[in-house]
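The values are calculated or read from the model by the stated rules, or taken from the named source; none is laboratory data. These figures come from a predicted structure and were not determined experimentally. We place every Cβ from the backbone using ideal geometry, glycine too, and count neighbours over all the protein chains shown. Surface accessibility is based on the protein's heavy atoms, side chains included, excluding ligands, DNA and RNA. Shrake-Rupley method; radii C 1.70, N 1.55, O 1.52, S 1.80 Å.
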Amino acid sequence: DNANPAHWGFIQGAIEPAQDSQRETGVPASVTIAQAIHESAWGGSRLTREGNNYFGIKATSGPGPRGVINARTWEHLDGENVTVTDAFRAYNNMAESFIDHGRFLLENKRYAAAMAKIDDARAFIRLVAQAGYATDPNYVRKVLAYMDRYNLYQYDLDRSAD
């Protein structure tokens with residue numbers, strides 16, 4: 001795949017933080033990388049550039065390690081696309097954002113079914129979406145497309161070796 005070199009650079013930079021998150025939380029590295037690609041627009045979103053927030057994690061449960069950043073966000077609510085302004089967690093770097101994303105999925109009971117499927121990245125992201133992670137009805141298709149196109153599964157740690 002002769003993808004944009006910047007895209008491969010983003011993936012290379014995301015491997016270690018995603019694997020560190022997988023070691024701590026169990027969330028498959030392939031899913032973390034694909035969600036980061038999708039939600040941060042390859043690291044280009046304002047939220048990512050200014051707050052190192054790669055997943056759009058809101059500050060509902062408190063600020064991030066670097067406080068809060070207010071940003072406009074696209075939501076799919078009641079069958080309509082709307083833009084709202086919300087407070088999001090801010091991080092010092094990609095690694096903090098990735099680990100917080102993993103902990104968010106691990107600690108939030110609504111994702112328990114997904115966490116029971118950490119050895120199957122494709123089933124995992126489907127269950128995360130079914131649990132209400134994103135409002136976009138095409139979320140799973142979009143994330144799986146990145147996982148497949150860039151074979152992100154190759155970065156998943158072999159849990160049986162633990």
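Odds and ends about this structure:
- Here the calculated FRET efficiency for residue 66 and residue 142, from their Cβ-Cβ distance with R0 = 22 Å, stands at 0.20, rounded to the nearest 0.05.
- Within a Gaussian network of the chain (alpha carbon springs, distance under 10 Å), most fluctuating of 82, 143, 68: 82
- If you take all other residues with their beta carbon under 13 Å from the beta carbon of residue 126, and give Lys and Arg +1 and Asp and Glu -1, the sum is +3.
- Taking a Cβ cut-off of under 14 Å around residue 36, the surrounding Lys, Arg, Asp and Glu residues balance to a net charge of -3, with basic ones at +1 and acidic ones at -1.
- Heavy-atom accessible surface of the chain: percent carbon and sulfur, 1.4 Å: 47
- The chain shape via C-alpha gyration tensor axes, a/c threshold 1.5: rounded
- Sorting the segments 120-126, 150-156, 6-12, 47-53 by their residues' average number of neighbouring beta-carbon atoms within 10 angstrom, most packed first, yields 47-53, 120-126, 150-156, 6-12.
- Note on the chain: GNM, Cα springs under 10 Å; of 19, 130, 35, the largest mean-square fluctuation is that of 130.
- Residues of segment 22-57 with amide N under 18 Å of the 7 Å Cα→Cβ point at residue 85: 46-48, 50-51
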